[in-house]
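Working notes, structure below.
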Amino acid sequence: MKIDWAALGSVFGVSLFATVALVALFTLGMVGLSKHEAATDAGGGAALARTGAYACFALCAAAVAYGIYLIIA
Amino acid sequence: MEHITLLLGIVIITALVFDFTNGFHDTANAMATTISTGALKPKTAVAMSAVLNLVGAFMSVEVAKTISKGLVNEEGIQPEVIYAALVGAILWNLLTWLVGLPSSSSHALMGGLIGAAVASAGLGAVNGGTLVTKVLLPAVAAPIVAGVAAMFAAKVTYKLGRNVGEKTSAKGYRAGQIASAGLVSLAHGTNDAQKTMGIITLALIAGGALAPDADPPVWVIVSAGVAIALGTYLGGWRIIRTMGKGLTDLQPQQGFAAQTSAAAVILSSSNLGFSLSTTHSCSGAVMGAGLGRKGGVVRWSTATRMFVAWGLTLPAAALVSALAELAMRTGDVGVAAVTVFLVGSCVAIWLVSRRQVVDHTNVTDDDAEDPGVVTTAIAAVAVPPAGVAAVAGTDLKATIPAPVAHAAGETPAAPAAAV
């Protein structure tokens, strides 16, 4: 009986990193979007916040696409 | 394909029934948090999960042939052995559903295979080392890995997102949860529907209807995909309630953290060569997310019941399957008796479940379930299989308070007693 601790360790590391990174990224996207919306409501605009938010969401979407790729492959 | 015998036909139908129970048992994994946080309406959630399960079933057939490989020696497997394994797995799935506890359908199936194989060919038919590395260790590791990841993710999203406006927050967490729940559903379809395809293929090979090493025929893929999707759409509302409401109270932030963690764990584990159970990962993620909020609590009494169910899954399914296998040694009479027992138990469990209906209308209600029912039923689960249905029937009748004691109240015990 041989337990593959390396594989278990990498599953732990990758899961932890991916989860926290994705959730953080997504939350940052919402922070940016929220800033932009607040600015719009005040009559101004926050182009940088909006661009940053969309970049964050795009990265999250890419992660989901990679997830689907992993399921199919 | 010269002959599909009656027994083989029964085995195939039973495998599809198992697939169906697998679907409604595991809906909670993908959709419990999404439903309890209100990101999707219950019916919409199960419909989406069902479609993605169906799609997932067609996306790859890699898993389909690996279910029994390595764990049980394939030589000498008879259709009777597979049938016995399925009987144990189905009954365990239904019992855990009745008491509303998430447990691994894969473990139930493996337990059934092990029990039936041991009864049929002796202890030598099972690889003990594989059992530890593929079943026991992952069962312990999965909730820890997913729980830690979900806990940190929940902390992070609360910290970073504390200034996010309410409108953006509601919209965002909703979209995030739907996306991650979709991934979990898709992964479930590819994994679990294929397990049934693997079982049916194994039965066809064992019965001599297919050549060894054959790929699953198209009708097997289609019927397995449809069975799991139908089961998912039916929704295991009791388990959804436990996972979404019973273990901890989830806010959208936590639901998002939990689902993302579950998706990440399932995908990374199946791709890095250390497979972790979906159910265990999702339950762990929900608990971790519960701990990740300031003031968040996990109801450890519910969690403990769930852990007990996890521990019992393998031995209980194995015991039922072993007894079924021994009964079938007596020939056609035994097969008929096991079939009657299976159908009777299913009907009995369903009738008992009607006493306290949980469906899409009350799945997110706050009223706590009667602890007496669950505790009693858990106790009944540990009883040897021949008595399970009857004991569950009578004990539940004794503990359930007056409101349900209407005219139909007398019927549930009857089929159980007949079996």
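Every number in this text was worked out from the coordinates using simple rules, so none of it is lab data. All figures in this text were calculated on a predicted structure; none of them were measured in a lab. Cβ atoms come from the backbone with ideal geometry, glycine included; neighbour counts cover every protein chain shown.
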**Message:** I'd like the distance between the alpha-carbon centres of region B:174-217 and region B:108-143, rounded to an integer number of Å.
**Reply:** 19
**Prompt:** So what is the orientation-averaged projected area of region B:6-331, using the convex hull of its C-alpha atoms, in nm²?
**Reply:** 15.2
**Request:** Step through the residues of region A:49-61 one at a time and calculate ³J(HN,Hα) from phi using the Karplus curve (6.51 cos²θ - 1.76 cosθ + 1.60, θ = phi - 60°), rounding each to whole Hz and writing x for Gly and Pro.
**Result:** 4, 5, 4, x, 4, 5, 4, 4, 5, 5, 5, 4, 4
**Asked** Given +1 on the Cβ of Lys and Arg, -1 on the Cβ of Asp and Glu, and no further charges, what dipole in debye does region B:165-307 carry about its Cα centre, rounded to the nearest 20?
**Response** 800
**Prompt:** Hey, fewest Cβ within 10 Å first, where do B:K134, B:K294 land in order?
**Reply:** B:K294, B:K134
**Asked** Points 7 angstrom from Cα along the Cβ direction at B:W300 and B:N163: gap in nanometres?
**Response** 3.8
**Whole-Hz couplings from phi, Karplus 6.51/-1.76/1.60, listed for region B:36-41; x for Gly and Pro** = 6, 8, x, 5, 10, 5
**Fill in**
Rounded to whole angstroms and listed largest first, the alpha-carbon spread of region A:5-72 along its three principal axes comes to 56, 23, 13
**Prompt:** Sorting A:C60, B:C282 on the 10 Å Cβ count, fewest up front, what's the list?
**Reply:** A:C60, B:C282
**Complete:** Ranked from fewest to most other Cβ atoms within 10 Å of their own Cβ, B:S321, B:S49 fall in the order B:S49, B:S321
